[in-house]
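The structure under discussion appears below in the form of C-alpha cells.
The values are calculated or read from the model by the stated rules, or taken from the named source; none is laboratory data. Being a predicted model, the structure only gives us computed values, none of them experimental. Every residue, glycine as well, gets a Cβ built from its backbone with ideal geometry; the counts of neighbours run over all protein chains shown.
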Amino acid sequence: MLQQLYIMDGKVTDHGQGEAPVWVYTAPDEAERKYLVEQLKIDEHTLNSALDPDEMSRLEFEPEHAAMIFKRPKHYTAQDNFLFRVVSTGVFLFSNRLVIVRADDAALFEGRPFIKMQTVQDVFLKLIYRAIAHFVEHLRGINMISGELEHQINAAMENKHLLNMFTLEKSLVYYLSAINSNGVLIEKLRNNAPKLGLTQENVEFLDDILIENTQCRGQTDIYSQVLASLMDARASIISNNLNVRIKALTIITIGIMLPTFIVSLFSMNVPIPLSHHWYAFWVIMGLTIVSAAALAFLWRKLRW
C-alpha cells in the first residue's frame with residue numbers, strides 16, 4: 001500500500017499539491033515491488049532486506065539514491081506474550097524524493113520529534129530519532145513488567161512467571177543488538193553527511209541522535225545485565241522455597257504416620273496386650289495423642 005505525504009508548515013501531512021516528496025510503502029505487493037525495482041532502480045536484495053526483521057542496519061550508495069535500513073521496535077500487543085520484537089525499515093533517499101518501505105502499518109510520524117521539518121533529510125533523521133525514543137519507551141515498559149513478574153514469582157511457584165522473565169531477557173538481547181546496529185548506521189551517516197546532502201544543522205542533530213542512541217544502548221545493557229543476574233537468584237529462591245515446603249510436608253506426613261502406626265499395631269488380628277480390657281480403646285487413643293504432641297513439641301523445639 002502506497003501513501004504519499006507532503007511537508008507543510010514543518011510537519012508531514014497527506015494534504016498538499018504537486019508531487020509528494022515522501023512516499024511510504026507498507027507491505028508492498030508484487031506490482032509495487034516491481035515498480036520500486038524497475039522504475040526507481042532499488043536493488044531487489046536491499047528491498048527484501050527492508051522487510052526482513054532479522055536484517056541489520058546499514059547504509060549503501062547506489063547511482064541514483066542512498067539506501068538505509070534501520071531498526072525500530074515492533075508495536076507490542078497482548079498476543080506477543082512478553083516478547084518484544086524489532087522490525088526493519090528501509091529508507092531510500094533520492095534527489096527529490098524519500099521512499100520509505102516497511103512491513104507493518106505502525107504509525108511513523110507521531111510524537112513531538114516530527115516538528116520543524118523542511119526537507120526530506122529532516123524526515124529520515126527524525127525517523128531514526130523517533131525509533132530511539134520508541135526503544136526507550138519500551139525499556140520503561142519492560143522494567144515495569146519485570147517488577148510485576150518479580151512480585152508474582154515471590155508469591156507463587158508457577159513456572160509461567162519465570163518463563164515470562166526469560167522471555168523479557170530474550171527481548172532485551174534483541175533490543176541491544178538492534179540498538180548497536182543503529183549506532184553503526186548513525187556513525188556512517190555522520191561520516192557521509194556531504195554525500196547525503198545534510199546541512200550543518202542536520203549534522204548537529206545527527207550528533208544529538210548519536211548521543212541518544214549511546215545512552216539508550218547503555219540503559220538496555222544495564223537492564224539486560226541486571227535481569228540476567230537476578231534470574232539465577234530468583235531460580236535459587238524458588239528452589240529454596242520448594243525445599244522448605246517439601247520439608248514441612250514430610251514432617252506433617254511423619255506426624256500422621258505415628259498415630260496411624262499405633263492404631264494399626266493394636267488392630268492386628270492376633271492376641272495383643274490390652275485386647276480384653278474395656279479401657280483398651282482409650283489407652284490407644286491416648287498413645288496416639290501423646291505421639292502427635294511429642295512430634296509437635298520437637299518441631300517447635302528444634303525449629304524444623
| note | In segment 59-99, residues that are closer than 16 Å to LEU189 by Cβ, part of a strand (DSSP E or B) and of a type outside the set (Lys, Arg) total 14
| Of all residues in segment 17-34, which are over 30 Å from the mean Cα position of the chain (by Cα) and surrounded by 15 or more Cβ atoms within 10 Å (Cβ to Cβ)? | ALA20, PRO21, VAL22, TRP23, GLU32, ARG33
| Would segment 1-17 turn up any residue that is touching a strand residue (DSSP E or B) at 6+ places or on another chain (Cβ under 7 Å), hydroxyl-bearing (Ser, Thr, Tyr) and in contact (Cβ under 8 Å) with a residue 60 or more places away in the chain? | no
| query | Among the residues of segment 47-73 satisfying the criterion of being in contact with an Asp or Glu (Cβ under 7 Å, 6 or more places away or on another chain) and without any contact (Cβ under 8 Å) to a residue 40 or more places away in the chain, which is farthest from ARG217 (Cα to Cα)? | reply | GLU62
| task | Kindly establish whether VAL37 is in contact (Cβ under 8 Å) with a residue 24 or more places away in the chain and hydrophobic (A, V, I, L, M, F, W, C). | result | no
| query | Would segment 199-209 turn up any residue that is touching a residue at least 60 places away in the same chain (Cβ under 8 Å), outside any helix (DSSP H, G or I) and in the same structural domain as PHE94 (by TED's automatic domain parsing)? | reply | yes
